[in-house]
Amino acid sequence: MKDIKSKLISAEQASKLIKNNSRLGILTVGPRSYPAELCKALERRFVSEGRPKGIEVIFNLSYGEEKGEGIDRFGHQGMVKRFIGSDYSFSPRISRLISKNSVQAYCFPSSVISEMFSAGAHNKPGVISKLGIGSFVDPRLQGGRLNPCSEEGLVEHLVFREEEWLFFKNHPLDAVILKAEAMDEEGNLLFYSPAAKSEAANLASAARKNGGLVIAEVKRIVERVRWEMSLPAFLFDYYVLAKDESKRRDKIKSSQLLNLSQEWEIIAGRVTKEIEEENKVFLSKRLRAMLPKIASSGKKFKIIADWFDPWEAEGELGEEERNIVFLDYLPHFCDTGLLDLAIVPFNQIDGSGNVNSSKKGHKIIGCNHLLEVCQNSKKVIFCGTFTPNGYSLNLQEGELRIIKDGRLTSFVPQVEQITFSSEQAFKYGQEVMYITERAVFSLHDESLVLLEIAPGVNLWQDVIQKMECEVIISPQLKLMDFSLFVKKKDLGQLSQIG
């Protein structure tokens with residue numbers, strides 16, 4: 001313990017070990033692995049001293065509540081010269097810097113980021129993957145670049161054995177910061193999950209291979225850690241004892257799920273009709289408000305999620321929790337092709353059926369594990385409202401009344417960023433649907449086909465004229481199910497009458 005105590009330093013001391021213009025890897029596999037104290041200290045030092053400056057930050061996921069927390073602590077002009085990550089959704093300061101072209105920024109799939117860390121640990125030149133072909137990650141489109149100043153090409157398009165691949169270059173790390181649950185008296189670290197342990201091992205090894213520095217933030221010191229969830233002391237240079245955060249919860253409980261608005265009740269109800277018995281279903285965190293309605297559909301299927309842990313939910317969803325399978329780290333599972341159905345949000349759709357789910361105006365969301373999910377699921381359903389903002393709807397006698405539409409439409413001539421490629425979906429025979437509160441579409445031969453409209457909606461005035469892209473109207477066009485548009489109290493009265 002005596003030798004280990006000499007390696008215990010403060011967060012402020014640790015922040016001074018990160019040099020200007022260095023490449024920093026950060027462990028972000030779940031909030032419990034994110035080194036909050038170290039990131040705070042780095043931010044404080046930059047604000048007060050202007051150092052470290054010009055660093056490159058490589059991370060996987062972002063966390064926080066859009067209040068300058070998580071990776072957003074690095075969102076200061078001059079602090080970072082380049083970001084490489086998969087998720088920018090909780091980083092408004094970084095989004096603003098990217099939009100102003102003040103920092104280089106790239107976005108790659110979550111599992112690719114993890115494999116990049118592994119490549120660094122195993123002396124590989126990079127990662128070869130099919131993820132992102134035809135999307136904004138493809139170098140023939142944007143190559144993952146998020147703005148004009150991100151000039152360097154970090155992705156290459158390859159043809160190997162007559163198949164297309166993308167090659168993501170390796171980025172040797174100068175320093176790594178990470179967080180562990182506990183440290184024992186010999187300096188071995190305990191991690192809260194296999195995924196956190198695996199990514200921490202790759203990050204630390206990658207830095208070691210490059211002669212870099214590894215600093216670990218730890219929650220507590222114990223006599224001995226469990227070997228099956230631990231990493232050896234020789235991987236780490238210094239340790240920082242974190243403040244007690246035992247009262248914080250990491251997973252979303254059902255009490256934190258947002259109430260469904262009227263239009264999203266319709267969308268969730270229509271989505272549920274597409275779920276078949278025994279399906280393995282991915283539900284995006286951005287659609288988490290739909291969870292109670294989908295889980296209580298009465299069908300036997302499994303919802304795969306990394307943001308809702310039934311073991312921590314304390315029975316709040318009742319028996320429906322049996323339908324939920326919590327996976328510690330989704331991207332690698334989603335990449336296997338074992339998902340039957342993916343339920344994902346959209347921001348924009350074009351006439352070819354391409355979808356933008358990763359960018360919303362000036363807000364950079366990132367792809368996170370959307371590419372893994374959308375590219376590898378047998379069926380994909382994209383959900384969203386027909387006009388994104390400023391609309392007003394009402395239900396009346398089993399019909400949908402459009403009182404006021406938003407200024408913008410979700411259906412555009414060309415999406416701002418291709419998160420989902422209809423060309424690739426058509427090539428591999430994926431079934432694709434697009435569900436809104438007033439219309440349901442499908443993908444056919446790289447074209448958008450209108451299948452259903454809501455009762456009470458005017459086809460021309462409320463649907464076709466509100467679209468800025470071409471659409472094919474199915475000869476079998478029909479009305480959406482009447483029951484979706486009956487208010488709950490009215491539906492109860494109808495069932496009593498029946």
Sort out which residues of region 95-111 are farther than 16 Å from GLN417 by Cβ, modelled with pLDDT under 95 and either in contact with a Pro (Cβ under 8 Å, 6 or more places away or on another chain) or surrounded by 21 or more Cβ atoms within 10 Å (Cβ to Cβ) (or both), and write them in order of number.
SER110, SER111
Of the numbered conditions (1) out of contact with any Leu (no Cβ under 6 Å at 6 or more places or on another chain); (2) at pLDDT 95 or above, ILE4 fails exactly one; give the number of that condition.
(2)
State which residue pairs qualify: first residue in the same structural domain as PHE420 (by TED's automatic domain parsing) and inside region 448-472, second residue in a loop (DSSP other than H, G, I, E, B) and surrounded by fewer than 19 Cβ atoms within 10 Å (Cβ to Cβ) in any location, beta carbons under 6 Å apart, and separation of 6 or more residues or different chains.
LEU448/VAL471; LEU450/VAL471; LYS466/THR409; GLU468/THR409; GLU468/PRO413; CYS469/PRO413
Scanning region 396-428 for residues that are farther than 28 Å from GLU372 by Cβ, aliphatic (A, V, I, L, M) and in a strand (DSSP E or B) gives LEU400, ILE402, ILE403
By residue number, the members of region 146-176 that are under 25 Å from ASN210 (Cβ atoms) and charged (D, E, K, R) are GLU151, GLU152, GLU156, LYS169, ASP174
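Is there a residue being within 20 Å of the chain's Cα centre (by Cα), crowded, with 16+ Cβ neighbours inside 10 Å and either of a type in the set (Ser, Thr, Tyr) or closer than 16 Å to ALA439 by Cα (or both) anywhere in region 352-361?
Of all residues in region 352-361, those within 20 Å of the chain's Cα centre (by Cα) come to 354-361.
Among the residues that remain, those that are also crowded, with 16+ Cβ neighbours inside 10 Å are: 354-360.
Narrowing the set further to residues that are either of a type in the set (Ser, Thr, Tyr) or closer than 16 Å to ALA439 by Cα (or both) leaves 357-358.
Taking every residue of region 352-361 in turn, at least one turns out to be within 20 Å of the chain's Cα centre (by Cα), crowded, with 16+ Cβ neighbours inside 10 Å and either of a type in the set (Ser, Thr, Tyr) or closer than 16 Å to ALA439 by Cα (or both).
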With the checklist (1) farther than 24 Å from PHE168 by Cβ; (2) touching a helix residue (DSSP H, G or I) at 6+ places or on another chain (Cβ under 9 Å) in hand, flag the one item HIS122 doesn't pass.
(1)
Within region 13-62, the residues that are within 22 Å of ALA105 (Cβ to Cβ), of a type in the set (S, T, N, Q) and in contact with an Asp or Glu (Cβ under 9 Å, 6 or more places away or on another chain) are ASN21, SER22, THR28, ASN60, SER62
So GLN414 clears everything in (1) at pLDDT 95 or above; (2) of a type in the set (S, T, N, Q); (3) surrounded by fewer than 23 Cβ atoms within 10 Å (Cβ to Cβ); (4) farther than 27 Å from ASP138 by Cβ except one condition, right? Which one?
(4)
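Can you name the residue in region 7-33 that is small (Gly, Ala, Ser) and at pLDDT 85 or above and is also surrounded by the most Cβ atoms within 10 Å (Cβ to Cβ) among such residues? Before you say what the answer is, go through the steps one by one.
Taking region 7-33 first, the residues small (Gly, Ala, Ser) are 10-11, 14-15, 22, 25, 30, 33.
With at pLDDT 85 or above added as a condition, the list becomes 10-11, 14-15, 22, 25, 33.
Working: SER10: 12, ALA11: 23, ALA14: 25, SER15: 25, SER22: 17, GLY25: 31, SER33: 26.
Among those residues, the one meeting the criterion is GLY25.
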Just give me the residues in region 38-60 being buried (at least 21 other Cβ atoms within 10 Å of the Cβ), touching a helix residue (DSSP H, G or I) at 6+ places or on another chain (Cβ under 7 Å) and not in a strand (DSSP E or B), in sequence order.
LEU38, CYS39, ALA41, LEU42, PRO52, PHE59, ASN60
Just to be sure, is GLN430 surrounded by fewer than 17 Cβ atoms within 10 Å (Cβ to Cβ), under 30 Å from GLY144 (Cα atoms) and in contact with a strand residue (DSSP E or B) (Cβ under 7 Å, 6 or more places away or on another chain)?
no
Please state which of the following conditions GLY406 fails to meet, knowing it meets all the rest: (1) modelled with pLDDT of 95 or more; (2) farther than 20 Å from GLU274 by Cα.
(1)
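Select from region 290-309 the residues that are among the aromatic types (Phe, Trp, Tyr), at pLDDT below 80 and either crowded, with 22+ Cβ neighbours inside 10 Å or more than 17 Å from the chain's Cα centre (by Cα) (or both) and list them in ascending order. Don't jump to the end; show me each part of the working.
Keep residues of region 290-309 that are among the aromatic types (Phe, Trp, Tyr), which gives 301, 307-308.
Still in the running and at pLDDT below 80: 307-308.
Result: PHE308, single match.
Scan region 100-132 residue by residue and report those that are within 18 Å of the chain's Cα centre (by Cα), of a type outside the set (Val, Ile, Thr) and not in a strand (DSSP E or B).
Initial filter on region 100-132 (within 18 Å of the chain's Cα centre (by Cα)): 105-116, 131-132.
The next check asks that each one be of a type outside the set (Val, Ile, Thr); those that pass are 105-111, 114-116, 131-132.
Scanning region 100-132 gives PHE108, PRO109, SER110, SER111, SER114, GLU115, MET116, LEU131, GLY132.
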Would you mind finding the one in SER135, SER205 that is hydroxyl-bearing (Ser, Thr, Tyr), closer than 30 Å to LYS100 by Cβ, modelled with pLDDT of 95 or more and not in a strand (DSSP E or B)?
SER135
TYR88 - would you say it is of a type in the set (Phe, Trp, Tyr) and assigned to a loop (DSSP other than H, G, I, E, B)?
yes
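The values are calculated or read from the model by the stated rules, or taken from the named source; none is laboratory data. Quick caveat: nothing in here was measured; it's all calculated off a predicted structure. Note: ideal-geometry Cβ built from the backbone for every residue, glycine included; neighbour counts use all protein chains shown.
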